[in-house]
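Read the structure below first, then the notes.
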Amino acid sequence: MSLIEIEKQRETILASAKLDGAFYNIIGGKRLATTRHLSVINPATGKALATVPDIDAATLDDAVDAARKAFPGWRALPLARRKQALSEVLIEIARHAEELIVLLTAEQGRPLSMARWEIDLLTNHYGPGFLKMDLPQIEQHIAGIGLVIKRHTPRGVVGAITPWNVPVLLSFVKAFPAMLAGNTVILKPSPFTPLTVLRIADYTRELLPPGVLNTVTGGDELGPWMTSHSGIDHITFTGSTATGKRVLASASGTLKHVGLELGGNDPGIVLADADPHAIARDLFNSMFLLSGQGCICLKRLYIDEDIYPAVTEALVSIARSAKVGNGLDPDTALGPIQNQLQYQRLQSSWEEIKKSGAKILYRGDVPENETGFFFPVTLLDNPPEDASFVVQENFGPIRSVFKYKTVDEAIRRANNTSYGLGASVWGKRSDELQRVAGQLEAGTVWINQHLVRNPFVPAAAYKNSGIGVELGEEGLKEFCNIQVIAAKQEIRNG
């Protein structure tokens, strides 16, 4: 295809995203447009896609007022009624799936297949999974007290602040359980990727009582306004560890409940009995899903020295076939870096890598004659483990591969990090896999897999990778207070 034909094909696909329509905030069930706007950039072209509202503090106050007004009525609804309303929201999202998939690719950059994966995870897996969960009331007779009833009650207004890498799923992984538990929500998507979330909120605004789900967008001030706002009872945040620390400090002034899902520098250990060719594809995908822009991507890979050449050869072979390009093109495997700021960070890391003299196992190509934020797949061969580009989270397609002599050495090196989000171990012997997994310091340790999440399985973190739990019954309860009702035991004579 010629460049002109490729461009026409992209324009035809992009037309289905309805970018010529306005994007609104939803407050109290009503559309809100503002005089101030933020531009949203297509990372594959570097050009503006659309604009969204840039609200001020007074408008956030309006959103909080709407959420607080809606809370008593939403809390009072039986759980079954809340589930029915949220089920209708999922159906409406699915009805617009084809449009949302293209819109998500346009603003986030990943291939259409990966945008479809994200929308499908929400509508067919996570959403329905949440709706199967319950908050049972537990009754016990306790000697000396009497009848004890343990209940989970909603906290109130939840402020959800979500990132740009998986913008739809991570927004509603917070909003759905919060609303299911009886809370009302103010959802702030990343200013880099707000479009699909805003479009979903617009399409579904009449399916929920006004004020139950409010969406707001704005500049750098909006997050701190939310975290310090006295009318917001709980903050749930996904983002970098540095920003998470600021969120926690800001929220402390009003003693908010806070849940933080933060950065990761996930290690993986490949044992000597692993089959290099059998695991190579899963390893590569775990490292480079979404062009490596994932907090639970595998970032440091430790391989037994005896099979190091075979594993790295298999990884390089896969990397050579993974085309980096515009997500709208059918043969693209990995899209661009989502925003210019992150792209510049990766370029700085690459300059540091070159100065360090670290050996490059593989460095791929990026499209020619393109103006987007494309960064090549990069595999480093045993770089210094104290280098900043190894110690710090690489949110992009730069990965470090190391060889080790003994398993205990690999465990020690894998745990030598301030992060503790995820980890994995790969091999054949079940007893050894379990032994190694039990010594890795991470909230989730996978065996012969990585990156796998499920709505019924809790996700937690060690060290500087977060506070609290998401997903599972445990994640649902994060949006609740525990209330105990203790009825005095009657004392009877005779």
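The values are calculated or read from the model by the stated rules, or taken from the named source; none is laboratory data. For clarity, every value in this text was computed on a predicted model and none was experimentally measured. All Cβ positions, even for glycine, are placed from backbone atoms using ideal geometry, and neighbour counts span all protein chains on display. Just so you know, the surface numbers come from the protein's heavy atoms only, side chains and all, with ligands and any DNA or RNA stripped out. Shrake-Rupley method; radii C 1.70, N 1.55, O 1.52, S 1.80 Å.
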Expressed in nm to one decimal, what extension gain is obtained for the pair ASN285 and GLN140 from 0.36 nm per residue of sequence separation less their Cα-Cα distance? 47.4 nm
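Express the relative contact order of region 298-419 as a whole percentage, based on alpha carbon pairs under 8 Å and six or more residues apart in sequence.
Details: 160 pairs, mean separation 38.8, N = 122.
Answer for region 298-419 is 32 percent.
Per residue of the chain, what 222 nm ellipticity follows from adding -39500 (n - 2.57) for every DSSP H run with n ≥ 4, rounded to the nearest 500? Spell out each step's value before the answer.
Details: 17 runs with 190 residues, N = 494.
When only DSSP H runs of four or more count, the value is -11500 deg cm²/dmol.
How long is the gain from ARG413 to ALA310 if the chain were fully straight, where each residue apart is worth 0.36 nm and the alpha carbon distance is subtracted? Can you show the working numbers first?
Working: separation 103, 0.36 × 103 = 37.08 nm, distance 2.15 nm.
Residue separation times 0.36 nm, minus the Cα-Cα distance, leaves 34.9 nm.
In Å², what does the accessible area per residue of region 32-103 work out to with a 1.4 Å probe? Walk me through the intermediate numbers first.
Working: 3410 Å² over 72 residues.
Value for region 32-103: 47 Å² per residue.
Near LYS188, within a Cβ-to-Cβ distance under 13 Å, what is the net charge of the other residues, with Lys and Arg +1 and Asp and Glu -1?
Working: positive: LYS174; negative: ASP54, ASP220, GLU221.
Spelling it out: positives minus negatives among the neighbours equals -2.
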Stretchable slack from VAL366 to THR153, in nm (0.36 nm times residue separation minus alpha-carbon distance): 71.5 nm
Using the Karplus curve 6.51 cos²θ - 1.76 cosθ + 1.60 with θ = phi - 60°, what ³J(HN,Hα) values do you get for each residue of region 255-264, in whole Hz, with x for Gly and Pro? 6, 6, 6, 9, x, 10, 10, 10, x, x
Could you please state how large a percent of the accessible area of region 222-300 is carbon and sulfur, counting protein chains only and using a 1.4 Å probe? 60
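By the gyration tensor of its Cα atoms, with a ≥ b ≥ c the square roots of the eigenvalues, what is the shape of region 180-260: rounded for a/c under 1.5, prolate for a/b over b/c, or oblate? It would help to have the intermediate numbers written out before the result.
Working: a/c = 2.22, a/b = 1.42, b/c = 1.56.
Oblate, since a/c reaches 1.5 and b/c is not below a/b.
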Give me the distance in nm between label points sitting 7 Å out from Cα along the Cα-to-Cβ direction at ALA242 and LYS359, one decimal. 3.2
Which of the helices in the chain meet the span-like rule: DSSP H, Cα axial reach of 15 Å or more, Kyte-Doolittle mean at least 0.5? 97-108, 167-180, 308-321
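Going by the alpha-carbon gyration tensor, a ≥ b ≥ c the square roots of its eigenvalues, is region 363-438 rounded (a/c under 1.5) or, if a/c is not under 1.5, prolate (a/b greater than b/c) versus oblate?
Details: a/c = 2.50, a/b = 2.09, b/c = 1.19.
Because a/c hits 1.5 or more and a/b exceeds b/c, region 363-438 counts as prolate.
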Which is the longest part of the chain that has none of the trypsin sites (Lys or Arg not before Pro) sitting in a DSSP loop with at most 10 other Cβ atoms within 10 Å? 133-404
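R0 = 35 Å: FRET efficiency of GLU206 with SER430, Cβ-based, nearest 0.05? Intermediate values should be presented prior to the final figure.
Details: r = 52 Å, r/R0 = 1.49.
E between GLU206 and SER430, to the nearest 0.05, is 0.10.
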Would you mind working out the magnitude of the charge dipole of the chain relative to its Cα centre, with +1 at each Lys and Arg C-beta and -1 at each Asp and Glu C-beta, to the nearest 20 Debye? 1200
When a/c is below 1.5 the answer is rounded, else prolate if a/b is larger than b/c, else oblate, so apply that to region 284-344 with a ≥ b ≥ c taken from the square roots of the Cα gyration tensor eigenvalues. oblate
In region 110-148, which residues have a backbone nitrogen under 18 Å from the label point lying 7 Å from LYS488's Cα in the Cα-to-Cβ direction? 142-148
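Tell me, what is the FRET efficiency for ALA33 and GLU473 to the nearest 0.05, using R0 = 51 angstrom and their Cβ-Cβ distance as r?
On the way: r = 40 Å, r/R0 = 0.78.
That gives a FRET efficiency of 0.80.
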